[in-house]
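The values are calculated or read from the model by the stated rules, or taken from the named source; none is laboratory data. This structure is a prediction, so every number in the text was calculated from the model and none was measured. Cβ placement follows ideal geometry from the backbone for every residue including glycine, while neighbour counts extend to all protein chains displayed. Ligands, DNA and RNA are excluded from the accessible area calculation, which covers all protein heavy atoms including side chains. Shrake-Rupley method; radii C 1.70, N 1.55, O 1.52, S 1.80 Å.
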Amino acid sequence: MFTASAGRRHLGRRPADCSPIEVHRRGHDQNLNARAAPVSDRSTEAPLPQSATPPPVATLTFACTPLTTDQLVGRYRLMASDTYTRILDSAQSLIVSRGYNAFSYADISAVVGVGKATIHHHFPGKADLVVAVIARYRQATEDGMAAMAAHEPRADRRLAGYVGFWEQCIRDNSAPFCIAALLAAELPSLPPEVAAQVKAHFDELTARLAGFIDEGQSKGELASAEDAQLGARILVATVHGAMLAARVAGGDAEVYASITRPALRRLTG
């Protein structure tokens, strides 16, 4: 999700709703097993639409060769998987723009172009859908942080990359707010399974940043000598508070930068 330098994003960042950390939106549905068990099996192999009837073989050909039954089934499964992903994409965008309680399956139906019955087929309830959205977001975040750790050896640059990532998202309006932070504001009214996903995201993010800080302190790359866990919590709170300030200011990235840069200097020196 991140590159080695601050303010640059890792290749593969999601075009519409970059998660922190990504932005690796496509191709992660298969990783939901460990994070969203109630719905994960649908992400890898969605069942065929109940009402789908394969068209006559003669009408679907490839290189003038009739498709076999297995090929037809494979095409329908691919279509179902694409629908699953587009439903998740739409739900994530709606959460960012409206929050959990202000969107419905009717809104998703209008955006994706499928009936509400199809959405219920993949996600029986709204909580199931949002659990899947956050599970995917968590996986993208972890993938982005792991990629940054692998490609940038210095802790100070990793922290700058994390802070700079969100600054750039606000500047180009690709993902001006963290979806987990938006849902955290609604935590008291969220279903327990959704709230658990939101909390898990922040626990994982804080732990990853604390690891960066601890490593940087041990190598002499950071000026701060405070507890790594505390430093990570302060940085997470500062970054997400700066996102809110930027949103109030009409999406002003300079407002975000004016808040986060001093916090970053406090750690890096």
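Here the gap between Ala207 and Ser258, fully extended at 0.36 nm per residue and compared with their Cα-Cα distance, gives a gain of 15.9 nm.
Of the accessible area of region 111-170, computed with a 1.4 Å probe over protein heavy atoms only, carbon and sulfur atoms account for 53 percent.
Just report the Cα centroid separation between region 87-141 and region 207-256, whole Å. For region 87-141 versus region 207-256, the Cα centre distance is 30 Å. The ellipsoid equivalent to the alpha-carbon distribution of region 137-236 has semi-axes of 25, 16, 12 angstrom, derived from the gyration tensor eigenvalues as √(5λ) and listed largest first.
The lysines whose alpha-carbon is closer than 21 Å to the alpha-carbon of Lys199, local same-chain residues fewer than 8 away aside, are Lys126. You can think of it this way: the chain between Val248 and Asn101 has 50.9 nm of extra reach, that is 0.36 nm per residue less the Cα-Cα gap.
Return one whole number: the accessible area per residue of region 123-269 in Å², for a 1.4 Å probe.
Working: 5670 Å² over 147 residues.
Dividing the accessible area of region 123-269 by its residue count gives 39 Å².
Taking the Cα centre of region 105-214 as origin and assigning +1 to Lys and Arg Cβ atoms and -1 to Asp and Glu Cβ atoms, the resulting dipole is close to 120 debye. With 0.36 nm allotted per residue and the present C-alpha distance subtracted, the Asp227-Asp172 stretch has 16.4 nm of extension available.
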